[in-house]
Every structure is written in C-alpha cells, then in structure tokens.
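The values are calculated or read from the model by the stated rules, or taken from the named source; none is laboratory data. Model, not experiment: these values are computed from the prediction. Backbone-built Cβ (ideal geometry, glycine too); neighbour counts: all protein chains shown.
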Amino acid sequence: MKKSLFESLNKDQKAALSHTDGPILILAGAGSGKTRVLTYKTAHLMTEKKIDGANILMVTFTNKAASEMKDRILKLLSANSQQPTANLPFAGTFHSLCAKILRRDGKHIGVLPNFVIYDEVDKKDAMKTIMNNKNISSKSFNPGSVGGSISGIKNELISPLEYPQYARGYYQETVAEIYIDYQKFLHENGALDFDDLLFETVKLFAKNPDVLSSYQEKFRYVLVDEYQDTNQAQYTLSKLFAGRYRNITVVGDASQSIYAWRGANFRNIVNFKNDFPDVKVFNLEQNYRSTQKILDAAFSVISKNTDHPILKLWTENEKGPSITVYEARDEQDEVNFAIKEMHKIIAEEKNYSYSSFVMLYRTNAQSRTIEEVFLHLGIPYILVGGVRFYERREIKDVISYLRVLVNPKDMVSFKRISKLGKKRLDKFLEFSTEFDISKLTTLEILDKTLEATDYLSLYNKDVEEDLARLENIKEVRSVATEFPAILDFLENISLVEQEYLPQNKPLFSHNKDDRKNAVTLMTLHAVKGLEFPVVFMVGMEEGLFPHARALMDREQLSEERRLCYVGITRAMKKLYITYAARRLYFGQRTSNIVSRFVLDLPSGIVESSLTETDYF
DNA sequence: GGTCACACAGTTTTT
DNA sequence: CTGTGTGACC
C-alpha cells in the first residue's frame, strides 16, 4: 500500500488493518472511521498481500453499506494506481450472499434455483391462509406476531421438528403447529422467506460438507461489519465461512446494538474471544465526527448500561456548544421550536442549510404531526421510512404477475392477482401462454403484462393518490431496465429496498434544488450509520422514549438506552433534545414525564433553551 | 365480487 | 386519530 494512503490513518487504525491473518476483533466506536478501516484493510490485502479479490468476503447489514464499501475500495485501488483488478471482493448482506449460494447449490437440499423470496407482506398473506386452513382465528393469533415468532425461531436455527420441544404454553404450542405448516407451504410454493435464506444455507452446509468446503476455499478472508447486530444464524454462518482459514475480521460496537427484537445478539461480539481464543483485539476510540460535549452526553447516557462493554470515545475536535434541552408545551410547539432554531442557525452560520438537520423520533406515528408543521410552514423535508416501496399495494400487484410467470407454484402471488378481478386474471393467464418469458427482457415482460391485464386502468390520473401509484409503477419500470433478466430483477426487488426518492414522498417543493435542500425526518433506528451537523431528538419522554413496552424489562431498557446513544452520536456539531409537557397520542391528550435519558445528561454541558441558545 | 359500516389495535423494521 | 380487518349486504 502506498505510504500516502497509510499515513492518513491513525495509529490504532493502522494496527487494526496491518494485522491481516487470523481472527481479529475491531471494536469501533461511533464515528471512529470503521468503514475506512474495513475498506483500507481490503485494499491492503489485495495490493500488499496479493490476495485475489475473489477470495475476500465482506458482509454488511445493508445493501447501501455494501455498495459504499465497493465504491470506496475501487477508489482506493485506483488511487493506488493498481491495474484495474479483474476480481473485486464480494460485498453484500448475509441475505444476498445466501440467496446467491442457494440459487447455485440449493438443489442439494431441495431448494430450486427459481425460488421466490417472500417479504413481510407475502409472509403475512401466507400465514393467514395457513391459519384459515387450520381454523385458527386471527383474532386470538395475530398473523403478524405469529410470523414474528416463527422468524425468531428460525433465526435461532430451530427447525419445525425441533421446536415443539421448546414450546411452552398454548401460544407457543400453536405457533409450533403453524410453523410446521408454514414451512410446508413455503416449500410447495417454491418460496423462501428472509429467514430461510440464512437457515437453508446453514442446512446446506451442514448436510454437504463439500459445498461448505468450496466456499471456505473461496472466501479465505472474511470481514463482517456491524457484528453486534448478528443473529444466531448470521453468527453461525460467519463461523462456518471462516472455519478453515480462520481469517475472520469482525467489526462492531456493543453499544450500538439496536436490533435485539429482531434476533440480533450483541453477545456475539462480546464473546467473540470465546470462539477464537487467539483473537487480536483492536479498539478504535478516537472519534472524528462529534464535539467533545456531544461525546460526553453520549457517554453519560450509555454508561448506565452494565450488560455490555462500553468504549470511551475521545476526540481532538472542539468542545463545541452545549446540548440544548427544551420543554415544549405540546408536540406542535416542539416542532416549531426546532424549526425556529434551524432558521437561526441558517441565518447566523455559514454552510448550513435545511439538509444540515435531522429530526429523530422513536415511533413512526410521531412523524405525522411533524410533517403537518413542516407543510404548514412550507419547510422542505424528506421523510425516511413508512411504507416500504416494494411493499406498496400497486407494486406488489405488478410484481405478483411477474412472479407467477416465473414461478406458477407461487400461490401467494397467484391469490393476489386473482383478487384484481376475474377478467384481468383470465386475460393474464391467456397472455402467459403466448410468450416465452425466457426470451424477453424484464421491461418487455412488464409492459406486456400491464397491457394484457390493463392494470393501470385501476387508477385515475386525476386522483392524487392514484397518480402517486402510477408514478411508483413508472419507477418499477425504470428498475426493470436495470435488470433485464427477470430473475435478477425479482431478486433485486426482494432484497434491495428502493432508495428514498423524494418524489415518492410528500414534499413541499417540486423544485429539484429544493429537494436536496431538505430537512430529514426519520426514526432513531433508521439513522444508524449516518451523521448530521445538527440533530434534533424529539419526544424525549418516558413512555415514548424509552418506549412504554420497554419500561418493565431490563434488557429492553438497556436497548432503548443504546438507541439513545446511537441518536446522540449522530450529531457532529450541535444536539437538541426536546420533550413536550402535553401531547396528543392516539387521539388522547397525554402528559408524560421527561425521559430518564435526559436526566442522565451531565448538567455541565446542558442548557435549557428558555435562556438564549448558545451556537457555534 | 365489490362496497360499506363498524370494531379495534396501534415500537422499532438493515433483509 | 387512523389504517386495517371483518362481516353483512347488494
């Protein structure tokens, strides 16, 4: 590696990446240059150690993170004036990796290469069908929560045959029965759900040591990002991949584990040394993102957790302004206050615009009031979250037609298109025999389907809501051009959430420049991995954050605290914390007391906004 | 097969 | 408050 590249890293970062072989644990604090170390390490492996990129596996938790990694590695390699390398490392999520493995080798365990991937909506539909067949009322058993339970069981790698021995009580025993039928149903439909992608791959490896062996040979170097958020299945897969060469680097921070409710277990990172006793551990504790006061605030909140290790971050950055805490009269006053502060900052400071700000809340339900105030005042914003693009009704409808073309066994999709009208279905079935889809591009198939079924006539251009749906279908068409092979297309839309395109979202302005210049609104979960110059954390009240459901449970409270830590550490320059004395929640006026997390902030770095706010 | 009224529940959501 | 699901009815 070129000296200049190496020199831009600090001592700890250099140490962490120059150790290339054997098990390595990098405890990387918020804003400590984690992605940097991972990408440099990969570049280092390729250029210095002459490792073929094809022998390196990089696993991340989002596709966005994966493509960022790829971009940055490519840049590093070309900056290092390497010949354009033929092989770049595989960088992707566990799910996309497993989908690829199963398409190739799933046949050994009865997984056919044209399987479809069921998302949460499909899963719920499947669950309803099964529960109906079993005469289980969806009143006493909510299909969504049964699905969630089964997901948890699968992530623990417990099969339908094994689960009954763990099931306790009526609910779990019923889940055990549904689980058996659900797996059978998926199999009959040629479908896998997200959890199956992982579990089936583990099974494939368990039953076919030679297949496992071929992947172990291929992936001689394994790097796993966000290791604190791995579940049992992902943890097992990591160990399997690294089982032969033991060149495994895991990166993460227990304090940022916020997906326990989804099976993530931060103990996987805490106990990594039990799995690999000869592990080399590196701590990255220098923070490049935030002011000292923000780090102090974050530390004072997270240090109340005693169930996991906590990194003590430090920075060479300035101390910065105090944390502003504001008690609003109600939820509208809260947002008005935030906007007033934004305007002050924009007016007084250079280089600040609406896009410098993010407003973070605990629950999506809170976003509506916030949006209303933004709309009312005409402030541009981008709302991240809500209904996922590919789970929107019109998208699911259109995709279902395509899925049935590819996999006629898929009854969930078939049922869905059946509900779109008898005539439409007949025309579709007639049309489906007329073409050989293997000879057509995705876009051609899509357009022919839309034409044959006259699907678009369901919507009326003059109705605003319908117009948005038509726009969304247009967006699917543009994705279709990117993936001319129908199987690739279907896999992509299953595994890759569409970017948040402002035009899908209620936006104040239709002017292109204004779109970029917008305040971001999102949940605390969604902000992980991002940073903003100014962060507003709103609704800091007991019952909202920490959420009411977490109040009675130590572990859940600990996770809420980590979530708060994640929120605080997103801020680069200035942090605002607000709560409302009274708020409208589910149509009820409630008054909550201030969040314990606010009370945990050290008084020396906090100022109440009743006084003049202190800027930069 | 489609529509309407009513009841009811309502964290977070990388894939 | 509001989105979703259910059951009754045309």
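Computed quantities for the displayed model
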| read-out | value |
| --- | --- |
| Flag for A:E341 being assigned by the TED database to the domain that holds A:G567, touching a residue at least 40 places away in the same chain (Cβ under 8 Å) and within 25 Å of the chain's Cα centre (by Cα) | no |
| Selection count, segment A:139-161, where residues are away from DNA strand C (no atom under 16 Å from the Cβ), over 24 Å from A:Y259 (Cβ atoms) and surrounded by fewer than 18 Cβ atoms within 10 Å (Cβ to Cβ) | 1 |
| Residue within segment A:51-64 that is small (G, A, S), surrounded by 16 or more Cβ atoms within 10 Å (Cβ to Cβ) and not assigned by the TED database to the domain that holds A:F532 present | yes |
| Cβ pairs under 7 Å, 6+ apart, first in segment A:439-468 and in contact (Cβ under 8 Å) with a residue 12 or more places away in the chain, second part of a helix (DSSP H, G or I) and of a type in the set (S, T, Y) | A:L443/A:T481; A:T449/A:Y401; A:T453/A:Y401 |
| Evaluation of A:L563 against (1) within 21 Å of A:D330 (Cβ to Cβ); (2) away from DNA strand C (no atom under 16 Å from the Cβ); (3) under 29 Å from the mean Cα position of the chain (by Cα) (one fails), failing number | (1) |
| Pick from segment A:431-469, criterion touching a Leu at 6+ places or on another chain (Cβ under 9 Å) and in a loop (DSSP other than H, G, I, E, B), ranking: nearest to A:R393 (Cα to Cα) | A:Y459 |
| Spans of helices (runs of 4 or more DSSP H) in segment A:325-411 with at least 1 residues of a type in the set (K, R) and farther than 27 Å from A:A581 by Cα | A:393-406 |
| A:L198 being of a type in the set (A, V, I, L, M) and surrounded by 16 or more Cβ atoms within 10 Å (Cβ to Cβ) | yes |
| Test: A:R416 is touching a helix residue (DSSP H, G or I) at 6+ places or on another chain (Cβ under 8 Å), within 16 Å of DNA strand B (Cβ to nearest atom) and under 20 Å from A:L186 (Cα atoms) | yes |
| Unique residue being touching a residue at least 12 places away in the same chain (Cβ under 8 Å), within 18 Å of A:E173 (Cβ to Cβ) and more than 10 Å from DNA strand C (Cβ to nearest atom) when the list is A:I136, A:I117 | A:I136 |
| Answer from A:L38, A:L88 - the residue that is over 30 Å from A:H187 (Cα atoms) and either within 16 Å of DNA strand B (Cβ to nearest atom) or not assigned by the TED database to the domain that holds A:Y227 (or both) | A:L38 |
| Positions within segment A:393-405 being more than 16 Å from DNA strand C (Cβ to nearest atom), within 29 Å of the chain's Cα centre (by Cα) and of a type in the set (A, V, I, L, M), in sequence order | A:V398, A:I399, A:L402, A:V404 |
| Total residues in segment A:369-403, condition aliphatic (A, V, I, L, M), more than 16 Å from DNA strand B (Cβ to nearest atom) and either within 27 Å of A:Q183 (Cβ to Cβ) or exposed (fewer than 15 other Cβ atoms within 10 Å of the Cβ) (or both) | 3 |
| Some residue of segment A:209-222 being under 26 Å from A:R562 (Cα atoms), in contact with a helix residue (DSSP H, G or I) (Cβ under 6 Å, 6 or more places away or on another chain) and without any contact (Cβ under 8 Å) to a residue 60 or more places away in the chain | no |
| Pair list, Cβ under 8 Å, 6 or more apart: segment A:414-430 residue closer than 11 Å to A:Y455 by Cβ, other residue in a helix (DSSP H, G or I) and acidic (D, E) | A:I417/A:D397; A:L420/A:D397 |
| Residue count, segment A:332-377 (criterion: among the basic types (K, R) and touching a strand residue (DSSP E or B) at 6+ places or on another chain (Cβ under 7 Å)) | 1 |
| A:M127 being more than 24 Å from the chain's Cα centre (by Cα), under 23 Å from A:K409 (Cβ atoms) and not assigned by the TED database to the domain that holds A:V211 | no |
| Condition check for A:Q332: surrounded by fewer than 19 Cβ atoms within 10 Å (Cβ to Cβ) and in contact with a Lys or Arg (Cβ under 6 Å, 6 or more places away or on another chain) | no |
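Each row is one residue, and each column tells you yes or no for (1) at pLDDT 95 or above; (2) within 20 Å of A:A526 (Cα to Cα); (3) touching a Lys or Arg at 6+ places or on another chain (Cβ under 6 Å); (4) not in a strand (DSSP E or B).
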residue	(1), (2), (3), (4)
A:R549	no, yes, no, yes
A:E555	no, no, no, yes
A:C564	yes, yes, no, yes
A:G567	yes, yes, no, yes
A:K574	yes, yes, no, no
A:T578	yes, yes, no, no
A:L584	no, no, no, no
A:N592	no, no, no, yes
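Condition check ((1) under 26 Å from the mean Cα position of the chain (by Cα); (2) not polar (S, T, N, Q)) across all residues:
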| position | (1), (2) |
| --- | --- |
| A:N407 | no, no |
| A:L425 | no, yes |
| A:E451 | no, yes |
| A:A480 | yes, yes |
